[in-house]
Amino acid sequence: TRAIQSLPWVSGGARTHAATAERAMSLVPLWACVRILADSIASLPVQLYRRDGAARTPVSYIPQLLFQPAARDDLFQWLHKAIYSLALRGNAYGLVVARDDFGFPTMIEWLSPDDVYVDELRPTLPVYYWQGVVVPREDIVHIPWMVPPGRVVGLSPVGAFARTIGVGLATTEYGLSWFDNGGTPPATMKNTQKTITRDESEEIRDRLMASIRSGKPLVYGADWDFSALSVSPEESQFIETSKLTATQIAAIYGVPPEMVGGQSGGSMTYANVEQASIYFVNFTLRPWLTL
């Protein structure tokens, strides 16, 4: 039995600004947040400890799970995939494919969250489906990010903040469309002495643009009025919207906004760079490392 979570078709086509995980990754601030988290966590050195009461004793050997955790992934790629799933879908699902003689997992393959469905009718005994097939709970490694009470599956950041991400996607598409359509003309030229034909206007325009592109001085008669245009505040508002979106997305992931193109509300100086690094480790990385 397979649960149907969505229809295999979209009536009338997809919404232009629908925030799916794939489209969300085209948003630079969100991509930057996921990249910073995944790169920072996956590149950290791993040291194994054995807990003995309140003390921890370093272990010299490296278990296979930390040496070759998956068939095609080393430890960096393996951790990178886990954080990628957590950051976008709020859940990382792994399938145990190999165990040692003591029954401990030695290889875990991360699954696409789209292929996994969790029956949460009984939260203490959830049922996991992978591609429509029930998988024993002992063969599933499930790491949720933020879980509401009475639930098993973590909240998806892309789903929970679809409106905020959608605004960012719409702003990006607006900017792209604005530049594709020519944006604001770079300048206007008006002849104050006579009325010119359309052909004469196009020839003058082409000569003007050729002179601007070549960087050569532009010489024209006294009967021409040349006025350069600038972007109006209304037309440049999408730049401020982009900064606001970056700041909001950074707040979702707990990443300092200045690292992803947002505004931190204060100036960064050389005196507090070290404090910023400590803040990043304590308030950004540490919660993710303890999931």
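Taken over the range 38-78, the residue count meeting the criterion of being surrounded by 10 or more Cβ atoms within 10 Å (Cβ to Cβ), within 17 Å of F104 (Cα to Cα) and in contact (Cβ under 8 Å) with a residue 12 or more places away in the chain is 9.
Among the residues of the range 23-35, those that are over 11 Å from A87 (Cα atoms) and crowded, with 19+ Cβ neighbours inside 10 Å comprise A24, L27, P29, A32. Residues in the range 103-124 that are open to solvent by less than 60 Å² (accessible area, probe 1.4 Å), part of a strand (DSSP E or B) and under 17 Å from N91 (Cα atoms): I108, E109, W110, L111, V116, V118, D119.
I'd like the full set of residues that are charged (D, E, K, R) and in contact (Cβ under 8 Å) with a residue 24 or more places away in the chain, limited to the range 117-137. Before the answer, list the steps.
Start the filter on the range 117-137 by keeping residues that are charged (D, E, K, R), which leaves 119-120, 122, 137.
Of everything in the range 117-137, those that are charged (D, E, K, R) and in contact (Cβ under 8 Å) with a residue 24 or more places away in the chain turn out to be D119, E120.
Within the range 125-139, can you find the residues that are over 21 Å from A21 (Cβ atoms) and crowded, with 16+ Cβ neighbours inside 10 Å? Hits for the range 125-139 are P126, V127, V135.
Looking at V158, is it open to solvent by less than 60 Å² (accessible area, probe 1.4 Å), part of a loop (DSSP other than H, G, I, E, B), touching a residue at least 24 places away in the same chain (Cβ under 8 Å) and within 23 Å of M25 (Cβ to Cβ)?
no
Checking each residue in the range 84-102 for being open to solvent by 30 Å² or more (accessible area, probe 1.4 Å) and either at positive phi or among the hydroxyl-bearing types (S, T, Y) (or both) picks out only Y84. Pairing each residue of the range 85-113 that is free of Cβ contacts under 8 Å to residues at least 60 places away in the same chain with any residue that is among the polar types (S, T, N, Q) and open to solvent by less than 10 Å² (accessible area, probe 1.4 Å), provided the two are 6+ apart or on different chains, yields C-beta distances under 7 Å for S85/N91; P113/N91. The set of residues in the range 144-155 being of a type in the set (A, V, I, L, M) and buried (at least 16 other Cβ atoms within 10 Å of the Cβ) consists of V152, V153, L155.
The values are calculated or read from the model by the stated rules, or taken from the named source; none is laboratory data. It should be emphasised that the depicted structure is a prediction, and the values quoted were computed from it without experimental measurement. Cβ sites come from the backbone with ideal geometry, for glycine too, and all protein chains shown count toward neighbours. For the accessible areas, the whole protein counts, side chains as well, though only heavy atoms, and no ligand, DNA or RNA atoms are used. Shrake-Rupley method; radii C 1.70, N 1.55, O 1.52, S 1.80 Å.
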